[in-house]
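Below is one structure, written out as structure tokens; comments come after it.
Where a number appears in this text, it was derived from the coordinates with a stated rule and is not lab data. As the structure is a prediction and not an experimental result, all values here were calculated from the model. So basically every Cβ, Gly included, is an ideal-geometry build from the backbone, and we count neighbours across all protein chains shown.
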Amino acid sequence: MTDRLGELSAAGVAVWIDDLNRVRLESGGLDQLRREKHVVGVTTNPTIFAKALSDATAYDGQLRDLALRGITVEEAVRMMTTYDVRWATDVMKPAYDASAGVDGRVSIEVDPRLAHETEKTIAEAKSLWWLVDRPNLFIKIPATRAGLAAITATLAQGISVNVTLIFSLQRYTEVMDAFLAGLEQAKANGHDLTKIGSVASFFVSRVDTEVDKRLDKIGSEEAKALKGKAAIANAQLAYERYTEVFSSERWQALADAGAHPQRPLWASTSTKNPAFRDVIYVEELVAPGVVNTMPEPTIHAYADHGETRGDTVTGSYDDARKVLDDLAALGIEYDDVVETLEREGVEKFEASWLELLQTVETQLSNATNA
């Protein structure tokens, strides 16, 4: 049989899974994905945890213990989620060791309600780093305006960061600048740069969802011809910026001190439109040194019928720019699209966090009364 995920990995794409729950951990399912499907990292977010805690009975024993101790809802959420993430980092430790600390990472996100508060985000990042206490952890910080300073400050303390909710090319450039500044400060603070990791999570399919909705309203033949093209073009141009920044003299000085580059991570890569190929956001974004974090169904779909055609990003930049130019000519404003997506992304994670708190509050109450 063709090892399609192995081919993808060999082409420079690190395969990560965009999901985590205790059932997957207890069953050995995560370890199986690592051993059999080339999965070398895990990402989580408030939506993933909200679903995990509402669906499974695997948390019942811990919930009873927390209820008996009179733990607050927010503390209970942190104790359960950090427990899962700590367990997952241990499962991923072989991938971490084999890649000299580049892969084998597991992410946990700061409270999304802090997305516009720099100092509180920094404080929570430090707390989560201490709670999980594993070198292969990533703290997820959103790429909001307030988040940029928090990214730099967190990295400066030797804490590895996954920057999330990046939609725009301009914001991505600012994220890379925040990363470089953070490593420069970490070096000045005496931290070992070889131990610090970072990825920049550039969201993909949501861009098509928003742009295609606007194209449908226009309804012309020109508009129809552009459907399903914006997200890949946007990500391809992000990779162009990545190659520029990480070939600069500023970066080279950090690389000489042992730093690893902040890899682009393609997030939101499941196909939302059934008219599109189910692995399109994997096949069309193959390039050296990137991460693609996928839901499990997308991983299995690629293993079944994904086609790795070598680098599908480098050399595509002129065509990608034309896509964005053609969208602008139809009146679709890029800045408005990405600002809308960032705002909605934060709002969705906030809503999931509140759902998570409500779920755990109910479960603690039930455990107390049981």
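Quick rundown of the values:
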{"item": "Within-14-Å neighbourhood charge of GLU222 [Cβ basis; K, R +1; D, E -1]", "result": "+1"}
{"item": "Paramagnetic reach from ASP336 (point 7 Å along Cα→Cβ, amide N under 17 Å) across segment 208-237", "result": "208-220, 223"}
{"item": "Simple label model, 7 Å out from Cα along Cβ direction - THR362 to THR209, nm", "result": "2.3"}
{"item": "For peptides 339-348, 66-75, 160-169, sequence by mean Cβ density within 10 Å, most packed first", "result": "160-169, 339-348, 66-75"}
{"item": "Spin-label zone in segment 243-277 - amide nitrogen under 19 Å from a point set 7 Å from the Cα of ALA188 along the C-beta vector", "result": "249-259"}
{"item": "Counted charge near LEU354, where neighbours are those whose Cβ lies closer than 12 Å (Asp, Glu -1; Lys, Arg +1)", "result": "-4"}
{"item": "Too-long pairs where the Cα-Cα distance tops 21 Å, listed order kept, from LYS37/LYS195; LYS51/LYS227; LYS224/LYS348; LYS140/LYS227; LYS217/LYS272", "result": "LYS37/LYS195; LYS51/LYS227; LYS224/LYS348; LYS140/LYS227"}
{"item": "Helical contribution to [θ] at 222 nm, DSSP H n ≥ 4, -39,500 (n - 2.57), averaged over the chain, rounded to 500", "result": "-18000 deg cm²/dmol"}
{"item": "Environment charge of SER201, counting only residues whose C-beta is closer than 13 Å and scoring Lys/Arg +1, Asp/Glu -1", "result": "+2"}
{"item": "Among 321-328, 205-212, 118-125, the order from most to least packed when residues are scored by Cβ within 10 Å on average", "result": "205-212, 118-125, 321-328"}
{"item": "Residues of segment 28-58 with amide N under 12 Å of a point placed 7 Å along Cα→Cβ from ASP3", "result": "35-39"}
